[in-house]
Number of protein chains: 2
Amino acid sequence: MIAQTPNPPYYAVIFTSVLKTEHPGYEEMALKMEELASEQPGYLGIESARSGIGISVSYWKDLESIKNWKNHSEHLLAQELGKTKWYRSYSLRISKVERDYSI
Amino acid sequence: MIAQTPNPPYYAVIFTSVLKTEHPGYEEMALKMEELASEQPGYLGIESARSGIGISVSYWKDLESIKNWKNHSEHLLAQELGKTKWYRSYSLRISKVERDYSI
């Protein structure tokens with residue numbers, strides 16, 4: 001689903017990842033984290049796709065919301081499992097959306 | 001492939017799309033545009049995935065580079081074909097990457 005975001009400015013967290021060949025439990029956790037993220041203050045939406053690499057872009061009202069989500073206890077556990085068990089590599093970019101348009 | 005980008009700040013163009021059921025010629029054009037983009041001044045990298053929705057994030061040195069690529073003649077033709085033939089819907093967001101990290 002394409003996220004329905006408000007008028008800019010708002011923030012985008014661009015998370016790109018490559019999974020290890022074996023990644024037991026990853027899909028369940030990814031779904032759980034998308035659900036949990038959607039309940040956080042300042043959450044505006046998420047877009048995810050995976051084919052070869054995975055790209056998840058979550059949208060947030062401000063940097064404070066992103067920081068709070070980053071430090072959420074369940075999310076911290078998921079991040080730790082990601083680093084140690086699931087991801088071969090990843091990149092995380094925090095960006096400020098300045099303009100957007102849709103059809 | 002996860003893009004190897006320089007230290008921030010730089011720009012990310014987040015393009016999210018849903019294809020029409022029939023989209024003849026789309027894949028060829030998408031590949032051609034990724035190749036052509038990579039030859040443009042200010043291009044820093046691209047990441048793409050599609051599963052349900054498609055997400056393509058291209059990285060650029062500055063807004064000027066993004067504008068030049070937007071107005072490239074072959075790209076303008078591809079954009080027109082996208083709007084009229086291939087995409088059911090899409091969203092394009094221009095954002096400034098303020099910080100990033102990788103493993």
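Tell me, yes or no, whether the range B:16-36 has at least one residue that is over 12 Å from the mean Cα position of the chain (by Cα), at pLDDT 95 or above, on the phi > 0 side of the Ramachandran plot and buried (at least 17 other Cβ atoms within 10 Å of the Cβ). No. As a summary of the residue check, A:Ala78 satisfies the conditions (1) crowded, with 17+ Cβ neighbours inside 10 Å; (2) away from chain B (no Cβ under 13 Å); (3) in contact with a Ser or Thr (Cβ under 9 Å, 6 or more places away or on another chain) except for the one numbered (3).
Within the range B:11-37, take every residue that is among the aromatic types (Phe, Trp, Tyr) and within 17 Å of A:Ile55 (Cβ to Cβ) and give me the one that is nearest to the other protein chains (Cβ to nearest Cβ). Per the stated criteria, the residue is B:Tyr11. Is it fair to say A:Leu76 is farther than 20 Å from B:Ala3 by Cα and free of Cβ contacts under 8 Å to residues at least 40 places away in the same chain? So A:Leu76 fits the description; yes. What do you reckon, is B:Ile46 of a type outside the set (Lys, Arg) and under 30 Å from A:Lys83 (Cβ atoms)? Answer is yes for this residue.
The values are calculated or read from the model by the stated rules, or taken from the named source; none is laboratory data. Every value quoted in this text rests on a predicted model; they were computed, and no experiment measured them. All Cβ positions, glycine included, derive from the backbone under ideal geometry; neighbour counts span all protein chains shown.
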